[in-house]
Amino acid sequence: MFCRRLWLKPGTGFWTASQQGAHNLASFHQASLLPQRKLRGLLFPFSELEPHLACSVDRGHFQLFQPSVEDITKAEKLFSPSPSHKIDYHTSAVRMEHAPSQNQPEVCFIGRSNVGKSSLIRALFSLAPDVEIRVSKTPGHTKKMNFFKVGKAFTMVDMPGYGYRAPKDFVEMVEHYLGSRKNLVRTFLLVDGSVGLQEADMIALEMCEEFSRPYVIVVTKIDKCRQGVLLTNLLQLQDTITQTVSCFPQPFLVSSLHFSGIYLLRCFIAHVTGSIQLGDTCQS
């Protein structure tokens with residue numbers, strides 16, 4: 001267990017942070033100026049739900065990854081570009097034979113169309129004003145695998161959405177990627193927190209299990225529903241996670257709109273790609 005130390009603009013084209021300016025909470029430094037309770041909710045969104053859980057509910061799996069403020073700050077530096085640390089869209093591919101060949105660690109994001117996948121990547125990259133990310137009002141806008149390089153540290157891949165308006169060769173594309181991408185260190189499977197696990201999500205989850213590649217579930221849009229609905233969906237999701245083999249036990253809760261959970265997810269990505277060494281943590 002990790003011990004806690006801390007008591008496109010919507011449309012059809014590319015969106016860049018410089019077009020609208022960075023979110024006022026894009027930087028952890030800005031968030032740290034907030035009142036302690038508000039900051040804690042942004043860092044660890046589960047803390048907002050915990051008081052509403054029955055005493056019999058095991059909270060342990062929701063609190064496994066609890067990095068320190070120092071760890072979160074180190075991770076944020078990786079998501080901040082500099083002359084010697086370029087962060088940018090790299091390339092796109094419709095098939096694995098078109099994917100770039102590289103050795104640096106890679107993480108990918110998959111999820112249903114309109115689950116908020118591209119919006120989440122936009123939030124993660126909000127400190128890099130020149131990163132181009134496609135965000136659309138229309139579900140199923142992402143038709144290719146889009147690769148983003150984070151300096152020499154790692155690569156993030158935005159996969160096409162499944163379900164509504166998914167590419168015809170989606171299954172072939174994703175299965176080939178999951179089965180053959182040697183530098184893939186973690187898959188992030190996104191689930192809409194306002195509706196919970198859907199049939200299409202279960203198919204994607206089973207696909208991740210089939211390839212025995214480590215993956216994590218990210219619960220998006222936690223600001224789009226009442227706490228009671230979110231809690232119900234979260235507990236049902238946790239029941240499913242306990243029956244898996246390759247899924248990280250802790251789901252990550254995020255709101256791309258309010259930046260809840262974004263700093264924690266940045267830190268987890270930096271950790272699993274080996275880009276930072278966590279300090280003052282313990283594991284069991």
* Structure fact -> By residue number, the members of the stretch 88-121 that are outside any loop (DSSP other than H, G, I, E, B), of a type in the set (V, I, T) and under 17 Å from the mean Cα position of the chain (by Cα) are V107, I110, I121
* Asked: From the residues in the stretch 42-61 that are within 16 Å of R266 (Cα to Cα) and touching a helix residue (DSSP H, G or I) at 6+ places or on another chain (Cβ under 7 Å), which one is surrounded by the most Cβ atoms within 10 Å (Cβ to Cβ)?
  -> L43
* Kindly provide the set of residues from the stretch 92-106 that are farther than 18 Å from K143 by Cβ and surrounded by 20 or more Cβ atoms within 10 Å (Cβ to Cβ), ordered by number. => E106
* Asked: With respect to V135, is the statement that it is at pLDDT below 80, open to solvent by 10 Å² or more (accessible area, probe 1.4 Å) and within 24 Å of L25 (Cα to Cα) true?
  -> yes
* To do: Evaluate the stretch 20-28: report whether one residue or more is open to solvent by 70 Å² or more (accessible area, probe 1.4 Å), in a helix (DSSP H, G or I) and modelled with pLDDT under 80.
  => yes
* Asked: Is there any pair linking a residue in the stretch 73-85 that is more than 12 Å from K152 (Cβ to Cβ) and open to solvent by less than 50 Å² (accessible area, probe 1.4 Å) to one that is charged (D, E, K, R) and outside any loop (DSSP other than H, G, I, E, B), with Cβ under 6 Å and at least six apart or on different chains, and which?
  -> A75/R266; F79/R266
* If you take the residues of the stretch 122-132 that are over 15 Å from the mean Cα position of the chain (by Cα) and open to solvent by less than 10 Å² (accessible area, probe 1.4 Å), which of them is modelled with the highest pLDDT? -> A128
* Matching residues, the stretch 215-245, being assigned to a loop (DSSP other than H, G, I, E, B) and surrounded by 15 or more Cβ atoms within 10 Å (Cβ to Cβ) -> K221, I222, D223, K224, C225, T244
* Among the residues of the stretch 95-114, how many are over 21 Å from L190 (Cβ atoms) and in contact with a helix residue (DSSP H, G or I) (Cβ under 8 Å, 6 or more places away or on another chain)? -> 2
* What are the residues in the stretch 192-235 that are polar (S, T, N, Q) and within 17 Å of the chain's Cα centre (by Cα), if any? -> S194, T220
* **Failed item, numbered, when R186 is tested on (1) open to solvent by 40 Å² or more (accessible area, probe 1.4 Å); (2) at pLDDT below 95; (3) not in a helix (DSSP H, G or I)** => (2)
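The values are calculated or read from the model by the stated rules, or taken from the named source; none is laboratory data. Source: prediction; values computed, not measured. Ideal geometry is used to build each Cβ from the backbone, glycine not excepted, and the neighbour counts take in all protein chains shown. These accessible areas exclude ligands, DNA and RNA; they are computed on the full protein's heavy atoms, side chains included. Shrake-Rupley method; radii C 1.70, N 1.55, O 1.52, S 1.80 Å.
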